[in-house]
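A quick write-up on the structure given underneath.
What follows draws every value from the coordinates through simple rules; no lab data is involved. Just so it is clear, the structure is predicted and the values come from calculations on it, not from any experiment. Backbone-built Cβ (ideal geometry, glycine too); neighbour counts: all protein chains shown.
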Amino acid sequence: MFADYARVWPVHAILMGSAVLSLLTAAWAVTLGRRRKGSFHLHKTAAVTAFVLLAAGLVVAIGMVQASGGPHLRVLHGVFGAITIVVGFLTGAGGLITTKVRSHRKQLRTIHLWVGRVAVVLFLLTVLAGLRQVGIL
């Protein structure tokens, strides 16, 4: 299934592009829309959606690399992607912990916000590196 790179990489791109849009929606919900009713629910829903799309895109990416026979993390896009996945997971875990733990909530929320900002920047750098790798940029 993953051997036909020309047919599979657009699936990866669509999954990851959708994940970026979901992540940006999550960020928007807590910044510009935070005074609106339901914005925190939208934030959580968009963040979980982004994580699921990210995981699916990762599976496709791993399959493509395996099918090509090349080593993983051999290009800048792969390295950025791996770092982004780790930071994205930490962001989600931090958000979940922030909603569950009562003590140190303010400090945990601050950490969650800053790790989330780093995740958004890393996501965008990963997208740019991927577009450069396939020759679009």
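For the reader, a short list of remarks on this structure follows.
- Ranking of S68, S103 by count of other Cβ atoms within 10 Å, fewest first: S103, S68
- Between F89 and S68, the simple label model (points 7 Å from Cα in the Cβ direction) yields a spacing of 2.2 nm.
- Pairwise FRET efficiency - V118 versus Y5, Cβ, R0 = 25 Å, nearest 0.05: 0.25
- Computed E for Q133/K100 - FRET, C-beta separation, R0 30 angstrom, nearest 0.05: 0.20
- Dipole size of the chain about its Cα centre, with +1 on Lys/Arg Cβ and -1 on Asp/Glu Cβ: approximately 900 debye, rounded to the nearest 20.
- When the chain is described by a simple charge dipole with +1 on each Lys and Arg Cβ and -1 on each Asp and Glu Cβ, the residue from L32, A67, V48 located farthest towards its positive end is L32.
- Among G92, G57, G38, residue whose mean-square fluctuation peaks in a GNM of the chain (springs only between Cα atoms under 10 Å): G38
- C-alpha long axis of helix 5-31 to longest principal axis of the chain, angle in °: 10 degrees
- Sparsely packed trypsin sites (Lys or Arg not before Pro) within the stretch 81-113, loop by DSSP, other Cβ within 10 Å at most 15: R102
- Relative contact order %, the stretch 5-133, counting alpha carbon pairs below 8 Å whose residues are six or more apart: 25 percent
- For the stretch 74-104 and the stretch 9-39, distance of Cα centres in Å: 15 Å
- Annotation: the residues T126, T110, sorted from fewest to most other C-beta atoms within 10 Å of their own C-beta, follow the order T110, T126.
- The equivalent ellipsoid of the stretch 83-137 has semi-axes of 30, 9, 5 Å, largest first, where each one is the square root of 5 times an eigenvalue of the Cα gyration tensor.
- Taking other C-beta atoms within 10 Å as the exposure proxy, W28, W114 rank W114, W28 from fewest upward.
- Against the chain, whose longest principal axis comes from its Cα atoms, helix 76-100 is set at around 20 degrees.
- Helix 39-68 axis versus longest C-alpha principal axis of the chain: approximately 20°, rounded to the nearest ten.
- Dividing the summed helix terms, -39500 (n - 2.57) for each DSSP H run of n ≥ 4, by the number of residues in the chain produces a 222 nm estimate of -29000 deg cm²/dmol to the nearest 500.
- The calculated FRET efficiency for the pair T45 and L76, based on their C-beta separation and a Förster distance of 30 Å, comes to about 0.40.
- What the pair-distance distribution of the chain shows, using all Cα-Cα distances binned every 5 Å from zero, is 2, 10, 18, 23, 17, 12, 9, 6, 3, 1, 0 percent.
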